[in-house]
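Derivation of every value follows stated rules applied to the coordinates shown; laboratory data play no part. A quick note: this is a predicted structure, and the numbers were derived from the prediction, not measured. With ideal geometry, Cβ positions are generated from the backbone for all residues, glycine too; neighbour counts draw on all protein chains shown.
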Amino acid sequence: MAQKTFSAKPTDVERKWYVIDAAEAPLGRVATQVATLLTGKGKTQFTKHIDCGDYVIVINADNLVVTGDKMEKKMYYHHSGFPGGLKEAQLKEKMAKDSTEPIFKAVRGMLPVNKLRDGRLARLKIYSGTEHNHEAQKPQKLSLKEGK
């Protein structure tokens with residue numbers, strides 16, 4: 001008998017909680033791992049049109065690691081829509097204002113642009129320090145260090 005293609009239903013999804021320390025790896029590696037967990041691509045029941053992802057808590061956003069001289073050279077742009085309304089800010093300026101924003105923007109940029117993106121981003125919790133208020137969910141610690 002031929003095998004059937006499995007398609008997950010929203011009721012079949014089991015969501016786990018994960019904690020990732022942003023001080024363990026560079027920004028891109030952290031964002032890639034977070035985006036993969038939010039989409040649920042590592043799960044066997046992954047289905048493109050169903051949100052199968054998990055909850056992710058990112059701690060230590062204040063101690064974000066970037067390689068090279070990205071703190072000075074990485075730029076964030078925003079346009080007001082009016083002529084001459086282009087604003088730009090360095091990564092270190094963004095970190096001084098709100099250290100969680102660069103991580104959020106990096107993860108958002110790695111998620112597919114579709115109807116599921118807002119729901120996935122709602123399951124992302126970013127904290128500037130080591131403390132978070134999700135101990136009741138018993139989150140699992142994920143290490144991103146080289147050589148694990």
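Name every residue in segment 65-111 that is acidic (Asp, Glu) and either closer than 19 Å to Gln33 by Cβ or crowded, with 16+ Cβ neighbours inside 10 Å (or both), in order of residue number. Break it down stepwise before answering.
So in segment 65-111, the residues acidic (Asp, Glu) come out as 69, 72, 88, 93, 98, 101.
Passing the criteria: only Glu101.
Can you work out which of the residues in segment 118-140 that are under 11 Å from the mean Cα position of the chain (by Cα) and surrounded by fewer than 16 Cβ atoms within 10 Å (Cβ to Cβ) is farthest from Ala22 (Cα to Cα)? Checking each candidate, the answer is Ala122.
Out of Glu72, Glu14, which single residue is out of contact with any Asp or Glu (no Cβ under 8 Å at 6 or more places or on another chain) and over 21 Å from Gln137 (Cβ atoms)?
Being out of contact with any Asp or Glu (no Cβ under 8 Å at 6 or more places or on another chain) and over 21 Å from Gln137 (Cβ atoms) holds for just one of Glu72, Glu14, which is Glu72.
Could you count how many residues in segment 96-145 are aromatic (Phe, Trp, Tyr) and in contact with a helix residue (DSSP H, G or I) (Cβ under 7 Å, 6 or more places away or on another chain)?
Taking segment 96-145 as the starting set, the residues that turn out to be aromatic (Phe, Trp, Tyr) are 104, 127.
Adding the requirement that they be in contact with a helix residue (DSSP H, G or I) (Cβ under 7 Å, 6 or more places away or on another chain) leaves 127.
Residues flagged as aromatic (Phe, Trp, Tyr) and in contact with a helix residue (DSSP H, G or I) (Cβ under 7 Å, 6 or more places away or on another chain) within segment 96-145 amount to 1.
Name the single residue, out of those in segment 38-64 being surrounded by 18 or more Cβ atoms within 10 Å (Cβ to Cβ) and without any contact (Cβ under 8 Å) to a residue 60 or more places away in the chain, that is farthest from Tyr127 (Cα to Cα). So the residue we want is Cys52.
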